[in-house]
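What follows is a set of notes on a single structure, which appears directly below.
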Amino acid sequence: MNIFKNRWLTWITALVLGCTFIYSSYHKLADPPDFAKVIYNYHLFPGVLIHLFAIYVPWFELLAGLAVLSGIWRRGAALGFGLLSLFFICALGFNYLRGHPTVCGCFGTFAAGKEWTDELKFAKMLREMLVDVGLVILSAQILYATVAAKPAEALSEG
Amino acid sequence: MKIALLELVAIVLVVLLAGTAYNLVNRGNPQKYLDWVSKGLNPGIDPPPPRDKKQEKETPKEEEKVVEGGASEPAEIEGFPMIGHEDVLAEYHGGAALFVDARRTRDYEAGHITGAISICSWESDWEEKIGRLMQSGEVNLEAPIVVYCVNWKNCDDSVRTADNLKRAGFMNIKIYKGGFPEWQQKEPGLVTQGKEPGKKP
């Protein structure tokens, strides 16, 4: 028996992944301008796209999180989460390599008012990249378990 | 995999609907609503230089002063002169300078420099606020303006607001290096809470 296709493992993975992204969407939906500021600070995206990212990415996190948890469109949600996490790894990694301290903004509001040194920001970037690698692995497990499943198994997984 | 892609497209379509509806519902609330196309934002691909960069081995440039720990503090940021507390205080008591709080409105309401107005470039009503300021006739385009947020190392809000004021035609804009935390610490009697700017002494 292939443990990576284990139904219970997939449920636990879906629970962790779904809850993580729903939690991640909460502060962004509560304060879209704050998330726009986070995206701006990456210095990677054209000005005209910043608000569009800030409007739609949190909704993707929320709805895909619900999809992963409920089992409806779980494969699509897992694929989306994998791609989104890869995107953040690349963005953070690029900024880390070029020496631009960036607040990820993945799981909390922008650090307005906090006196963060660049050294601390770089340490946080590394930690957040590691978290994102973990999220890619979780997404891959769900995809592997559900995409490789036979039609009947896939149905029972939702 | 094809099914996963189709499901992803379906999720994206629902996301487009939900995001659009949510932003439209927030239309009357500048603290939540975002213009569809961001105005006045041009981050560029080149980030600003790291602000904590140690310059122990390098000779500091003339316009930079060395502070404790070997880090240098530039005299300007993105073309705007930065001034310290003493100069800010002189501008404040001089009476002619307009103080602009570039932080979020909720932070402004929690406490701001007495007499300062709020213009946060991340909120959708910043253009309207600058328009009102220009129409009010309280300040002319040459008048000194001091913009502040938290402090220059941890807050780009001042630079964004200064940039927007500059594009509106204001010519004499300075940035308060220490920002509101320094002011609150050194001039606790000149802090006002609430939506109104308050009256300068």
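The values are calculated or read from the model by the stated rules, or taken from the named source; none is laboratory data. Nothing here was measured: the structure is a model prediction, and the numbers come from that model. No Cβ is skipped: glycine too gets one built from the backbone with ideal geometry, and neighbour counts run over all protein chains shown. We work out accessible area using only protein heavy atoms, side chains counted, and drop any ligands, DNA or RNA first. Shrake-Rupley method; radii C 1.70, N 1.55, O 1.52, S 1.80 Å.
What relative contact order, as a whole-number percentage, does chain A give when Cα pairs under 8 Å and 6 or more residues apart are counted? Walk me through the intermediate numbers first.
Details: 183 pairs, mean separation 51.9, N = 158.
For chain A, the relative contact order is 33 percent.
Spatially, the stretch B:1-38 and the stretch B:74-143 are offset by 34 Å when compared through their Cα centroids.
Leaving out ligands, DNA and RNA, calculate the buried accessible area for the pair B and A with a 1.4 Å probe, summed over both sides, in Å² to the nearest 100.
On the way: alone 12500 and 9080 Å², together 17440 Å².
Accessible area lost upon association: around 4100 Å².
Hey, got the average number of other protein chain Cβ atoms within 10 angstrom for residues in B:16-24?
On the way: counts 4, 2, 8, 12, 3, 1, 7, 7, 0.
Averaged over the peptide's residues, the number is 5.
Label-to-label distance for B:A10 and B:H93 is 7.0 nm, based on points extended 7 Å past Cα in the beta-carbon direction. Could you tell me how many degrees, from 0 to 90 and to the nearest 10, lie between the Cα long axis of helix A:47-70 and the main elongation axis, the longest principal axis, of the Cα atoms of chain A? With both axes taken from Cα atoms, the answer is about 30 degrees. The stretch A:40-112 and the stretch A:1-27 have Cα centres lying 18 Å from one another. The modelled label-to-label distance between B:M1 and B:V191, using points 7 Å beyond Cα along the C-beta direction, is 5.8 nm.
In the structure shown, do any of A:K121/B:K177; A:K121/B:K32; B:K39/B:K177; B:K2/B:K39; B:K177/B:K199; B:K39/B:K186 have a Cα-Cα gap over 32 Å, and if so which?
Details: A:K121/B:K177 20 Å; A:K121/B:K32 26 Å; B:K39/B:K177 25 Å; B:K2/B:K39 38 Å; B:K177/B:K199 23 Å; B:K39/B:K186 35 Å.
Too far apart for the 32 Å limit: B:K2/B:K39; B:K39/B:K186.
For the stretch B:124-137, putting each phi into the Karplus relation 6.51 cos²θ - 1.76 cosθ + 1.60 with θ = phi - 60° gives couplings of 6, 9, 5, 5, 4, 5, 5, x, 5, 4, 5, 6, 5, x Hz, in residue order, rounded to whole numbers and with x for Gly and Pro.
Other protein chain C-beta atoms within 10 Å of residue C-beta, averaged over B:101-110: 1. I need the shape label for the stretch B:78-201. Rule: rounded when a/c is under 1.5, else prolate if a/b > b/c, else oblate, with a, b, c from the alpha carbon gyration tensor. Taking the square roots of the gyration eigenvalues as a ≥ b ≥ c, the stretch B:78-201 is rounded.
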